[in-house]
Amino acid sequence: MSLISQNVVRKAKREKNDPPLYPEEGEDDKNGKSNKDTMKIKKRKKTLKEEDDEKVVVEQEREMKKLENVLFGSLHSSAEFGKDDEFDKGSALYFVDRSANNALTVCDDGDDVLAETSDEEEDLKVRKPVWVDEEEQRAKINIAKVNRLRKLRKEEDESVISGSEYVSRLRAQHAKLNPGTEWAQLDRKARGDGYSSDDESLDEEHQAVLARGYKDVEGVDDILRRNEDVVVRSSAKLLPGLLEFSRLVDANAQEPSKGPIHSVQFHRNAQLLLTAGLDRRLRFFQIDGKRNTKIQSIFLEDCPIRKASFTPDGSQVIIAGRRKFFYTMDLVKAKVDKIGPLVGREEKSLEFFEVSPDSSTIAFVGNEGYILLVSSKSKELIGTLKMNGTVRSLAFADDGRQLLSSGGDGQVYHWDLRTRTCLHKAIDEGCLNGTSLCTSPNGSMFAAGSDSGIVNIYNRDEYLGGKRKPMKTIENLTTKVDFMKFNNDAQILAISSSMKKNSLKLVHVPSFTVFSNWPPLNRNLQYPLCLDFSPGGGFMAMGNAAGKVLLYKLHHYNHA
């Protein structure tokens, strides 16, 4: 029974889903006709579906070609001979060989071909936009109602224009006001070896012309691909107006002074900075702009320090105060020696001095117009110079062979140290009492300050030649000029007065103008007493009466 029931079920399933395997004789004709009809209908549907799929593919290919022609130009489409009507008028089916000078050798009707060529070139010059905003055509702009848009009118009574016309006039106005934007249009074919005038004319049609002065396109592109600093400031000229600087950690932050700072100076290696003041301590710091580690501190019990200075060769430190003696410190042996009083002299103060650039001579300001010359090796008095008035300031020039001095008579003296005679003497213009002198590193210029706050900058050769007129007179200070200093390349001159708070100015020497952003508005410099620039110009240290040494980074200079 089970086998029979299973066979019955299978047969029933077959009869329900599929045609019978053994049809009866009466049903053969009916089933045959219905099967043929269904087969025909299926074939028709299949062919119609295939035709529809082919049409969709063809339409998609046409749309892709149109998009490619719009984006990349019609030169990318393949030309098929004998099907000229299928292409748009703007598509290029051929190219013009300009190297042949338009000479036709094969085609007889050359005039017609040339005419068609010129038409095609005119079509290429007019580049169609990829996308057009339909709202521009419908928008209406009243250019007579707004004052700043009246310049766009072509006629006096013109008022309302369309949006597209408004956009085109704005573009024309921008091109008129900014004619120098061609530098941004670099030639895309300038990198190729075969760059010629024909390529340039072709690029002009596509509005990509190489600007003058930008022949090295590879160098320009290389700059645009990197995120490094483009400007190399070390050899460039410092610009006037605004000085780029940043405040760093105070140079003596690890051990501030308990009294006013009267001396700051960088060592020739640009890493060591000395500070000295009335607290009788000489301190050395290693300057890195972050920690500024203190290296050593020396206490001088009987000498409040008024000035301390490295010798230019970096081997010694000269220390002086309002005493008839002075100290020297040997940096190699770390030994401090007390020198003086000087034989034959009665000066009670040796607080003002200068060291010659060759480190051979130390010039002290003496009494009654005397200048004391001391040998840096033997520490003995080797000669004296005498001015008519009192001596207040000194400065060396010409690699230590000449010495400049000024004082109470308002004159600037030039001394020859080899013969110890006065070479030249002249009045500092507008000066009654000279208080400060400073020479540039190369000795070509010198600055003279007075008790009225006037600073005159002279060309030294012209001054020695008889010209009394200064190159520039700086009148930004109103009190006595106490300190002046040129930086390493003589592009910055620092002038200060200890009589007034924040009385420190930085002068841009090439233009003889003061930097407008110095001193900083939100910083209190207190009473500035001394200043120094690092040998590379990157750091600037300033000591004030509050016992702090403010440290600044000058961004124009790459090296300390």
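Please give the length that would be gained between Val132 and Arg420 if that part of the chain were fully extended, namely 0.36 nm times their separation in residues minus their C-alpha to C-alpha distance (nm, one decimal).
Gain on stretching Val132 to Arg420: 95.0 nm.
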_Sequence ranges 146-155, 326-335, 407-416, ranked by mean other-Cβ count within 10 angstrom, highest first_ = 407-416, 326-335, 146-155
_With DNA, RNA and ligands ignored, accessible area of Met64 (1.4 Å probe; Å², nearest 10)_ = 110
_Prolate/oblate/rounded call for segment 409-532, Cα gyration tensor, a/c under 1.5 rounded_ = prolate
_Inter-label distance, nm, simple model (7 Å from Cα along the C-beta direction), Ala236/Asn142_ = 5.0
*Cα shape, segment 234-388, gyration tensor, a/c 1.5 rule*: prolate
*For Arg62 and Phe325, compute 0.36 nm times the residue count separating them, minus their Cα-Cα distance, and round to one decimal in nm.*
84.6 nm
*When the accessible area of segment 245-554 is split by element with a 1.4 Å probe, what percent falls to carbon and sulfur?*
47
*Want the number for Glu462 to Asn388: 0.36 nm per residue separation, take away the alpha-carbon distance, what's left?*
24.3 nm
*Compute the Cα gyration tensor for segment 417-456, then decide on rounded, prolate or oblate, letting a ≥ b ≥ c be the square roots of its eigenvalues: rounded whenever a/c is under 1.5, prolate when a/b is larger than b/c in the other cases, and oblate in all that remain.*
oblate
*Arg291-Glu255 pseudo-label distance in nm [points 7 Å out on the Cα-to-Cβ vector]*: 1.6
_Which one, Ser516, Ile495, Pro470, projects farthest toward the positive side of the charge dipole computed for segment 467-533 from Cβ point charges (K/R +1, D/E -1)?_
Pro470
*asked:* Could you sort the peptides 283-289, 55-61, 380-386, 267-273 by per-residue average Cβ neighbour count (10 Å cutoff), highest mean leading?
replied: 283-289, 267-273, 380-386, 55-61
*Cα→Cβ-extended label distance, 7 Å offset, between Asp358 and Arg171, nm*: 7.3
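The values are calculated or read from the model by the stated rules, or taken from the named source; none is laboratory data. The model shown is predicted, which means the values in this text are computed figures rather than measured ones. Heads up, the Cβs are rebuilt from the backbone with ideal geometry, glycines too, and the neighbour counts pull from every protein chain shown. Side chains included, ligands, DNA and RNA excluded: accessible areas come from the protein's heavy atoms. Shrake-Rupley method; radii C 1.70, N 1.55, O 1.52, S 1.80 Å.
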